[in-house]
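What follows is calculated from the coordinates using simple rules that are stated; it is not laboratory data. These numbers come from a predicted model, not from an experiment. Neighbour counts run over all protein chains shown; Cβ positions are idealised from the backbone, glycine included.
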Amino acid sequence: MPKKNVLKKQVVAKLENAKFLSSVPFESGFRFFTAIGNYTGIAAISLDEFTAKLQIVPAESVQFHFERGDFQKWITGTIKD
């Protein structure tokens, strides 16, 4: 029995990692703005890239998207996580 539990956990971990590493087409990527109509020129097409870009985008962009719930919408609606 213990072997089945270990195998099941490994499969679940691989599925979760695959979602983290998967990407979406550029047109579905997350584009960082500092205000409506003020695009920063920075975009992300995967969660991995998204977390890296959060380190370099202006703080105003993070605040703008956080207040609007854009991060959550993109992750649940587009990335499906």
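Table for the structure above
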quantity: Residues satisfying the stated conditions in region 38-81, i.e. loosely packed, with under 15 Cβ neighbours inside 10 Å, touching a residue at least 60 places away in the same chain (Cβ under 8 Å) and either at positive phi or among the hydrophobic types (A, V, I, L, M, F, W, C) (or both); calculated: 80
quantity: Within region 37-75, tally of residues that are of a type in the set (Gly, Ala, Ser) and more than 22 Å from residue 22 (Cβ to Cβ); calculated: 5
quantity: Residue count for region 40-52, restricted to those that are among the hydroxyl-bearing types (Ser, Thr, Tyr) and more than 19 Å from residue 69 (Cβ to Cβ); calculated: 1
